[in-house]
Each structure stands twice: as C-alpha cells, then as structure tokens.
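Q: Please find one structure pasted underneath; my questions will follow.
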Amino acid sequence: MPHEEIVTRLSLQLVDIAANPSELVFAISMQSVLSEIAHRLGEKALSLSVQDLLLARDEVRAAISHHLDERDFIGLGLDVWAISRNL
C-alpha cells in the first residue's frame, strides 16, 4: 500500500472524531506526524487506534516543548532582521 494512502486513511480516522489532521503541533502538522508513523510502521499503522494517534501527537508535542526554545529562533530571526534593516 502506498505511503500516501496510509497517511490518508489515518487522517480520515482523526476527522471522524473531529480532530483536524492539519492541526499544528507547534510548527509541525499532524499530517507530518502521521507521515512519519506510516514511514516507520508501514501498513501496520492502519491497526492503530485513534487514541494511539492522539498519544503520538501528544508525545511529539511534549518532545518539541522540552527540546526547543523558540526564543533562540526568534532571537536569531531578529538579529538577521536588524542586520538587514541597517544595510
């Protein structure tokens, strides 16, 4: 089964419970999470429950929250912005 079809089927599971497959997990969409699940598990991903998918979403969100300090990126962006303003 093609990778994209697995992602589509997993997305449809979430739509059925009113969760939005394009919901952002910080700057990563739920579709990106589903895509990685499909990549890792292949067709076995189709046996996952909605609860499994939502738990995966929550774990990705937690991992990002623990390992990403957006202030660093905001600061970097503002540094570049300040340089470009002074050119």
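The values are calculated or read from the model by the stated rules, or taken from the named source; none is laboratory data. Bear in mind the structure is a predicted one, so any value in this text is a computation, not a measurement. Note that each Cβ is placed from the backbone with ideal geometry, even for glycine, and that neighbours are counted across all protein chains shown.
Q: Within the stretch 49-87, restricting attention to residues that are small (Gly, Ala, Ser) and either outside any helix (DSSP H, G or I) or in contact (Cβ under 8 Å) with a residue 24 or more places away in the chain (or both), which residue is nearest to GLU36 (Cα to Cα)?
A: SER49
Q: Go through (1) loosely packed, with under 12 Cβ neighbours inside 10 Å; (2) under 14 Å from the mean Cα position of the chain (by Cα) and name the single condition GLY75 misses.
A: Here GLY75 clears every test but (2).
Q: May I pose another question? Do you know which of the residues in the stretch 11-34 that are more than 9 Å from the chain's Cα centre (by Cα) and within 16 Å of GLU59 (Cβ to Cβ) is modelled with the lowest pLDDT?
A: Among residues in the stretch 11-34 that are more than 9 Å from the chain's Cα centre (by Cα) and within 16 Å of GLU59 (Cβ to Cβ), the one modelled with the lowest pLDDT is ALA19.
Q: Can you go through LEU41, LEU46 and tell me which one is touching a residue at least 40 places away in the same chain (Cβ under 8 Å), in a helix (DSSP H, G or I) and surrounded by 11 or more Cβ atoms within 10 Å (Cβ to Cβ)?
A: Selected residue: LEU46, the only one of LEU41, LEU46 that is touching a residue at least 40 places away in the same chain (Cβ under 8 Å), in a helix (DSSP H, G or I) and surrounded by 11 or more Cβ atoms within 10 Å (Cβ to Cβ).
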